[in-house]
Amino acid sequence: MFLGLLKLFAGSHHRRFLRQCAPLVRKIHAHQKAYGALTDDQLRAKTTEFRARVAKGETLDALLPEAFATVREAARRLCGTQVEVCGHQLTWNMVHFDVQLIGGMALHRRKIAEMATGEGKTLVATLPLYLNALSGRNCQLVTVNDYLARRDSEWMGHLFRWLGLTVGCIQNSMSPAERRAAYGCDITYATASELGFDYLRDNGMAFSAEEQVQREHFFCIVDEVDSILVDEARTPLIISGPVAEEREPAFPRLRPDVARLIDHQVRLINRLASEAEAALAALAPGAEPTDETIDKLWLAKHGMPRSRTLLRLMENGRWRKALERREGVLASDLEKDRRYKLKEQLYFAVSERHHEADLTQLGRDTLRPGEPDAFVLPDLASAFVALDADPALSPQQRAERKQAAEAGYIKASEDIHAIGQLLRAYSLYERDVHYVVQDQKVLIVDEHTGRILPGRRWSDGLHQAVECKEGVPLERETKTYATITIQNYFRLYEKLSGMTGTAETEAAEFHDIYGLGVVAIPTHRPCIRVDENDIVFKTRREKYAHAIKLIQESHAKGQPVLVGTASVESSETLSRMLGLARIPHKVLNAKQHALEADIVALAGQRGAVTIATNMAGRGTDIKLGEGVAELGGLFVLGTERHESRRVDRQLRGRCSRQGDPGRSRFLVSLEDDLMRLFANAGTISNLLEKSFKEGDPLEHPLLNWSITTAQKRVEAQNYTIRKRLLQYYDVLNRQREVVYAIRNGAIRSEDPRPVLMELIAEEIADRVAAVFPDPRGPGLRESAEGLVAWATGAFPVRLTPDEVLALGADKAAAELSGRVARLHAEREEYEDRDGLRALERQVALRAVDRNWQDHLTEMEDLRRSVGLRGYAQKDPLNEYKTEAFRPPQRVQDGGVPRLQRPARPHPRRRLLGPVPHGDLHGGLRGDHAPRPRPGRRHRPRGPRRRARLQAGGARGEAPADPTRDAQDRPQRRRPHPQG
Ligand code: ADP
Ligand code: MG
């Protein structure tokens with residue numbers, strides 16, 4: 001049978017993999033046959049035996065056939081036994097199929113196993129989990145929600161426990177102690193965000209090794225891997241808390257100006273659109289509209305894409321086509337001037353597709369009449385050079401002027417940013433579509449499910465901009481204590497693999513970003529699902545009406561229907577319409593995982609009608625009820641094409657599991673966002689004009705093609721965004737690794753003193769180097785004074801500037817370090833050693849944390865400011881990297897400061913703050929280090945670290961700041977877990 005499947009199977013690289021697996025499958029069967037003679041206890045003893053062999057150096061690869069055979073034999077012996085899963089009694093009745101053995105091999109070999117829904121991926125994972133757990137290290141399985149983590153750990157736990165392994169699962173409500181216990185097991189089931197947040201708390205928050213819960217990042221299988229590594233990849237996990245000091249946000253001050261600008265634009269577009277409408281109405285039959293008329297539509301589209309008049313006119317295929325043709329012409333380089341002139345009639349130009357809004361010259365002049373430079377960032381570097389070259393200034397005056405220049409710069413950049421965000425808030429974010437206002441709060445609406453996302457905020461000031469637009473109180477911005485993206489979290493693992501029903505369309509991404517190959521594993525039984533052509537309607541209303549008709553037809557026969565929707569809003573519309581048609585049905589929208597799993601499980605029963613959004617019930621198996629197969633099985637009806645083909649495939653895959661019959665069909669309307677924004681309108685308009693009569697549905701292979709092309713286009717765009725985002729986060733990622741390593745060094749080391757001493761020596765070397773720009777040459781007196789003042793204040797070590805200058809670079813550094821070491825040794829004589837050590841640890845951790853948090857904030861600022869530099873024809877990503885790794889320079893050193901916050905005191909200086917006497921047992925009370933002043937930022941640095949950070953910079957090219965939207969929907973948590 002296995003070879004038969006092999007032949008059926010197409011893709012050659014898949015075939016090669018399957019061919020490699022074939023002998024292993026035979027070996028597994030041979031071993032299992034032999035194990036048949038063992039008693040239960042003897043079979044269980046295999047686990048101990050394997051562990052010992054691994055400990056002696058045998059590789060997991062070599063053990064694979066025996067280990068898999070053991071698991072399979074155990075599963076066979078368990079058949080007929082009872083297991084309690086989430087409160088239900090289940091009878092174990094599964095023995096791994098051959099294709100499941102192959103899936104298990106793929107997972108062990110760091111691949112993504114594409115296995116259709118219902119193929120039993122939960123069981124597949126037991127094989128590689130068992131094998132890898134033999135190493136004694138923590139193996140993890142990631143599920144899409146807490147309910148599935150619990151279900152699968154209890155279900156598969158039956159098998160693992162029988163074999164002598166421990167299994168745990170992490171639930172959102174668990175205490176640190178419970179989490180620790182779960183990670184202590186051989187195998188741990190958990191969701192991606194629980195894992196990520198535990199990582200952040202362990203590395204960014206814990207003050208001792210006892211507080212850390214995770215053991216390691218060894219082997220991890222991600223279930224429904226596309227949903228987690230692709231859909232959720234852009235979601236940063238953020239632990240945040242309130243900001244201590246904050247500057248007044250610029251929004252309220254700028255709002256009246258922007259509102260006025262919006263008014264101008266609305267009036268302009270209304271006028272243009274009405275003029276165009278009148279001109280089109282007056283057109284003689286068959287006559288072509290003039291360019292001038294179409295340009296007005298073009299302006300409306302780029303000025304107010306959601307203008308009612310425009311949308312109404314676009315329902316007419318002819319005008320739609322004419323505008324698209326014009327758009328094509330204007331996009332060409334030849335017409336650059338014309339396009340520019342048109343744009344300059346607007347106050348600002350909106351790109352709905354890219355979620356951007358840019359001021360035009362007209363807009364700038366309207367906002368700040370007579371101030372042509374209002375939106376130009378001052379050139380801070382040149383200003384500083386000029387000040388340094390001015391002999392008439394005293395050092396004091398020079399510093400003051402520099403500070404004034406800096407303040408001016410910061411204000412200008414903040415204003416530009418704030419205006420940009422306000423424009424986006426006004427022109428792209430619609431109330432009751434993108435957000436709702438409740439109790440004086442702006443609440444985000446999830447674009448995928450339509451649910452309100454309480455507590456989530458758009459980042460980068462956008463949320464405050466929307467609050468300002470709505471006239472509700474601006475909520476305080478929070479400060480990031482720790483953050484990581486899902487992408488980067490999963491890149492921590494030594495061995496990563498995944499499984500899902502739909503990975504092939506994203507294979508390139510899995511490969512490029514995670515180094516994971518995709519193998520499509522054949523189904524256990526051939527799939528006989530019938531996928532019908534899409535039907536296209538002109539309007540959403542007609543589409544829904546047709547959906548109800550199709551549901552009615554199936555329902556009348558008793559055939560169950562699963563209706564897929566793209567949002568809660570359309571779920572509700574359909575539910576209302578079904579209610580009117582008196583068709584009993586159930587609605588799911590991914591709110592209550594456990595309850596929904598129970599409902600979805602029944603979606604295959606005779607006569608069932610179930611409406612579900614994309615994610616609802618994912619991971620739950622839909623079995624057919626009695627007699628349903630004869631009616632054609634489950635009918636899956638998609639009421640909208642999703643942006644990505646993968647999600648559509650996922651929906652289709654809900655039916656025809658394990659060789660069941662079933663069919664699927666998608667309905668599409670030209671009003672759907674996908675069609676409106678991305679479809680190749682030329683083709684559609686053509687078809688529309690030729691064959692559309694009012695209310696006529698359209699079914700044509702060309703349309704399927706056109707829709708797929710639209711989807712590919714969005715997929716490509718989204719992939720670019722994710723990839724680019726990764727490049728941005730790579731920078732932070734490398735820095736995080738270094739900082740967390742230092743932090744963990746301080747937590748875990750017996751004696752944190754060497755860490756501190758090393759930091760001190762590094763700091764001294766840095767400062768001495770500033771005194772002697774040329775190590776052989778003479779020193780700078782001004783800097784020497786600064787060095788001495790610092791040394792006296794921090795340790796205290798007394799040395800005069802003259803002494804420093806006389807000693808020269810190398811000797812001065814050695815002298816200072818030596819004196820500090822002696823001082824410390826003296827202190828140790830009369831202090832309690834353990835107490836001192838605990839204190840040193842605390843000081844080190846707090847200093848690292850505070851500086852790292854400031855650094856995170858600073859990196860956010862930086863990302864924002866490089867976004868602005870896109871205007872200067874520079875690649876923001878390159879700029880970002882250059883700036884991110886540039887050490888801060890002190891103003892008095894005569895260096896050119898970093899763009900945003902020059903003259904930061906050295907972060908580690910505060911490691912060296914005065915040690916309080918006689919307060920050792922109470923630990924540190926409050927902060928002994930000076931608080932950073934508002935507006936000043938500090939960042940970790942040091943030559944060695946810099947070198948490490950710089951090794952391995954990436955490259956990038958496109959202009960635009962993809963992280964802007966990407967950060968829009970972060971998952972936030974408070975610093976401490978529940979309870
Ligand atoms: P997937 O995650 O691939 O969609 P599940 O792991 O939820 O699939 O399993 C789907 C169904 O198939 C479950 O009801 C499970 O009991 C059943 N199943 C899986 N593997 C086997 C097997 N080897 N023998 C019998 N039933 C199986
Ligand atoms: Mg599953």
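Please treat every number below as a calculation from the coordinates, not as lab data. Everything numeric in this text was worked out from a predicted model, so none of it was measured. Cβ sites come from the backbone with ideal geometry, for glycine too, and all protein chains shown count toward neighbours.
Mind giving me the FRET efficiency for ARG260 and ARG306? R0 is 35 Å, r the Cβ-Cβ distance, nearest 0.05 is fine. Intermediate results must be reported in sequence, preceding the final value.
Values: r = 20 Å, r/R0 = 0.57.
Given R0 = 35 Å and the Cβ-Cβ separation, E is 0.95.
Taking 0.36 nm per intervening residue step and subtracting the Cα-Cα distance, what contour gain separates ARG215 from ASP802 on full extension? Walk me through the numbers on the way to the answer.
Numbers: separation 587, 0.36 × 587 = 211.32 nm, distance 5.32 nm.
Stretched out fully, the ARG215 to ASP802 stretch lengthens by 206.0 nm.
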- [ ] Round to the nearest 0.05 the FRET efficiency obtained for LYS549 and ALA629 when R0 = 25 Å and r is the Cβ-Cβ distance.
- [x] 0.55
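Give LYS296/LYS343; LYS301/LYS723; LYS301/LYS321 a once-over and call out the pairs whose C-alpha atoms are over 20 Å from each other.
Details: LYS296/LYS343 11 Å; LYS301/LYS723 29 Å; LYS301/LYS321 14 Å.
Long pairs (Cα-Cα over 20 Å): LYS301/LYS723.
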TODO: Would you give the gap between the C-alpha center of region 195-223 and the C-alpha center of region 86-160, rounded to a whole Å?
DONE: 22
Task: Spatially proximal lysines relative to LYS27 (Cα-Cα < 18 Å; intrachain offsets below 8 disregarded) - done: LYS46
- [ ] Under 15 Å from the Cβ of ASN132, count the other residues' Cβ atoms, weight Lys and Arg +1, Asp and Glu -1, and hand me the total.
- [x] +2
- [ ] Using label points projected 7 Å from each Cα along Cα→Cβ, tell me how many nm separate GLU49 and LYS811, to one decimal.
- [x] 7.4
TODO: Beta carbons within 10 angstrom, averaged per residue: use that to sort the peptides 249-256, 823-830, highest first.
DONE: 249-256, 823-830
- [ ] Please work out the FRET efficiency for the pair ARG19 and THR59, using the Cβ-Cβ distance as r and a Förster radius of 22 Å; give the result to the nearest 0.05.
- [x] 0.50
TODO: Apply the Debye scattering formula to region 689-834, with a single equal point scatterer on each alpha-carbon and no solvent, then give log10 I(q)/I(0) at q = 0.14 Å⁻¹.
DONE: -0.87
Task: Kirkwood hydrodynamic radius (C-alpha pairs) into Stokes-Einstein, region 246-323, 4 °C and 1.567 mPa s, D in µm²/s - done: 93
Open item on the list: Taking 20 °C and 1.002 mPa s as the conditions, I'd like the Stokes-Einstein D for region 531-576 in µm²/s, using the Kirkwood hydrodynamic radius from alpha carbon pairs.
Closed with: 184
Open item on the list: Let me check I've understood the local charge: for LEU313, count other residues with C-beta under 11 angstrom from its C-beta, Lys and Arg +1, Asp and Glu -1. What total comes out?
Closed with: +4
Task: Average projection area in nm² (convex hull over Cα atoms of region 85-228, one quarter of hull surface) - done: 8.9
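What's the extension gain from ALA825 to ALA279 if we count 0.36 nm per residue and subtract their Cα-Cα distance?
Details: separation 546, 0.36 × 546 = 196.56 nm, distance 8.97 nm.
Using 0.36 nm per residue and subtracting the Cα-Cα distance, I get 187.6 nm.
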TODO: Per residue, how big is the convex hull around the C-alpha atoms of region 458-542? Give it to me in cubic angstrom, could you?
DONE: 236
Task: Linear extension gain, GLU371 paired with MET577, 0.36 nm per residue minus alpha-carbon span - done: 68.5 nm
Task: 5 angstrom amide H check on TYR189, placed H, neighbours 5+ away - done: LEU141, GLY168, CYS169, ILE170
Task: region 46-149 - Debye-derived log10 I(q)/I(0), Cα point model, q = 0.12, 0.24 Å⁻¹ - done: -0.44, -1.41
Open item on the list: With every atom except the alpha carbons ignored, what do you get for Rg and Dmax of region 172-270, in angstroms?
Closed with: 22.4, 66
Task: Dmax and Rg, reported as Rg then Dmax, of region 186-332 (C-alpha, Å) - done: 27.3, 82
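Please identify the GluC sites (Glu not before Pro) of region 492-521 that satisfy two criteria: DSSP loop assignment and at most 13 other Cβ atoms within 10 Å. Which are they? Working shown, then result.
Details: sites: GLU494, GLU504, GLU506, GLU509; in loops: GLU494.
Here the GluC sites (Glu not before Pro) that fit, given the DSSP loop and packing criteria, are GLU494.
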